[in-house]
Amino acid sequence: MKDGEVIAYFDRRPTAEITIHAVWDIPRMADMAYEFGYVLCRVSHWQGTTRLVFERDDTDHARRRAEWSVNYYRAYGRWGRQQPQFQLPGYMGRRIEPLEAAQARYALALFRNKAWAIGMSALMAVLIAIIVWHLRGRAEVIVPILLVGIPFVLAGAISPWLPSKRLRRYQQTVDTFELQQAVERGFIPPPPPGNGD
């Protein structure tokens, strides 16, 4: 999709859904969504297409960023980034690049899909418990149900712990980028040194 086609979705409606075929465009779209005041919240793949769901970010920084982006786009016919008003203090760490933050947002959205699957796994555990309770006198039926159901339930229960370090890294990347952008654009002053930022 061309930039103008993507930007047309980010018109301050509460949610925007885009269906694409080229998954390599997702970080670019997540970055554009950020500039126009949206957050990528869900990603689903089905039969060669990918559905992206964006939600409007109603924070003050997001509204100001979106207003600037809309005005810039109307004036110049292309989307861009406001030049930083302030240089980042050295203690804020290395500058996170927009595409790196967009890729981290994409990874977080993929995990949210996984969290939905975890919820389904918990629901399956409840259903298995109910079935076992009702059929408690028929071992020939209960054993196959448990042999099939328990591995699925365990996989769902264990999976949130497996990628946790990576998820924390993605979330830290997004949080650092948000802070750096707010400081660079003059929305907030730099945080004082030594507070973990």
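The values are calculated or read from the model by the stated rules, or taken from the named source; none is laboratory data. Here the structure is a predicted model, which means the values were calculated and not measured. Quick reminder, even Gly has a Cβ in these numbers, built from the backbone with ideal geometry, and neighbours come from all protein chains shown. Calculation scope for accessible area: heavy atoms of the full protein, side chains included, ligands and nucleic acids excluded. Shrake-Rupley method; radii C 1.70, N 1.55, O 1.52, S 1.80 Å.
If a residue must be open to solvent by 50 Å² or more (accessible area, probe 1.4 Å) and either of a type outside the set (V, I, T) or at positive phi (or both), how many such residues does region 5-43 contain?
Residues of region 5-43 open to solvent by 50 Å² or more (accessible area, probe 1.4 Å): 5, 8-9, 11-15, 17, 19, 21, 23-24, 28, 39, 42.
If we keep only those that are either of a type outside the set (V, I, T) or at positive phi (or both) too, we end up with 5, 8-9, 11-14, 17, 21, 24, 28, 42.
Matching residues across region 5-43 total 12.
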Notebook entry, point to check: Within region 151-169, how many residues are open to solvent by 60 Å² or more (accessible area, probe 1.4 Å) and either modelled with pLDDT of 75 or more or outside any helix (DSSP H, G or I) (or both)?
Noted result: 7
Margin query: Residues to consider are R74, R51; find the one that is without any contact (Cβ under 8 Å) to a residue 24 or more places away in the chain and open to solvent by 80 Å² or more (accessible area, probe 1.4 Å).
Written below: R74
Margin query: As an exercise: evaluate W133 against (1) at pLDDT below 75; (2) assigned to a helix (DSSP H, G or I); (3) farther than 19 Å from R42 by Cα and give the number of the one condition it does not meet.
Written below: (1)
Item checked: Number of positions in region 18-57 that are more than 14 Å from the chain's Cα centre (by Cα) and part of a strand (DSSP E or B) -> 7
